[in-house]
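Data block below; observations after.
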Amino acid sequence: MENKTYFDGEVSELVGISILSIFISIITAGLGFPWVACMSYRWQIDHTVIEGRRLKFSGRPESLFGNWVKWVLLTIITGGIYGFWVPVKLEQWKVENTSFAN
């Protein structure tokens, strides 16, 4: 049995998610970012197979929302300096919510 690593997402799915993400971001003035991020991460991660094992994203936008507000406030308070840490914090949260589905 060969263990394959691949991504099986489709372009049409990505286009749909991108359009919906832009719409949500505009309507919510950025407050919908946790929902947009989770939707995007779920599509990306759930379509990834590593050595024959599919990944699964279990993150919920509600659990990201509190962190997102905190990170935005810290970025504002520090005059943008904390903004350098936000991508790392976001990646840590994403990895903490990723596991093998099988």
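Between residue 4 and residue 95, the C-beta separation translates, for a Förster distance of 22 Å, into a calculated FRET efficiency of about 0.50.
Based on Cβ point charges of +1 for Lys and Arg and -1 for Asp and Glu, what charge dipole magnitude is obtained for the range 15-66 about its Cα centre, in debye rounded to the nearest 20?
Details: 5 positive and 3 negative charges, 28 e Å.
Here the range 15-66 has a charge dipole of around 140 debye.
In this simple spin-label approximation, residue 86 and residue 54 carry label points 7 Å from Cα along the Cα→Cβ vector, and these lie 3.4 nm apart. Taking the 1.4 Å solvent-accessible surface of the range 1-97 as the whole, the part contributed by carbon and sulfur is 67%.
Once both labels are positioned 7 Å from their Cα atoms along Cα-to-Cβ, the gap between residue 77 and residue 26 label points is 3.4 nm.
Candidates 11, 52, 31 compared by Cα position along the dipole of the chain: farthest toward the positive end lies 31, with charges placed on Cβ.
The angle separating the long axis of helix 86-96 from the principal Cα axis of greatest extent in the chain is about 40 degrees. Which angle between 0 and 90 degrees, to the nearest 10, do you get for helix 61-77 versus the longest principal axis of the chain when only C-alpha atoms count? Helix 61-77 sits at roughly 40 degrees to that axis. What is the helix-to-structure angle for 11-28, meaning the angle in degrees between its Cα long axis and the longest Cα principal axis of the chain, kept from 0 to 90 and rounded to the nearest 10? With both axes taken from Cα atoms, the answer is about 20 degrees.
How large is the accessible surface per residue of the range 58-102, computed with a 1.4 Å probe and reported in Å² as a whole number? Intermediate results must be reported in sequence, preceding the final value.
Details: 2990 Å² over 45 residues.
Per residue, the range 58-102 has an accessible area of 66 Å².
Taking other residues whose beta carbon is less than 10 angstrom from the beta carbon of residue 47, and scoring Lys, Arg as +1 and Asp, Glu as -1, yields -2.
Please give me the summed charge of the neighbours of residue 93: other residues whose Cβ is under 13 Å from its Cβ, Lys and Arg +1, Asp and Glu -1.
Details: positive: 60, 70, 89, 94; negative: 62, 91, 96.
For residues surrounding residue 93, the net value is +1.
The values are calculated or read from the model by the stated rules, or taken from the named source; none is laboratory data. Values in this document were obtained by computation on a predicted structure and should not be read as measured data. Here the Cβ is made from the backbone with ideal geometry for all residues, glycine too, and neighbour counts use every protein chain on show. Surface accessibility is based on the protein's heavy atoms, side chains included, excluding ligands, DNA and RNA. Shrake-Rupley method; radii C 1.70, N 1.55, O 1.52, S 1.80 Å.
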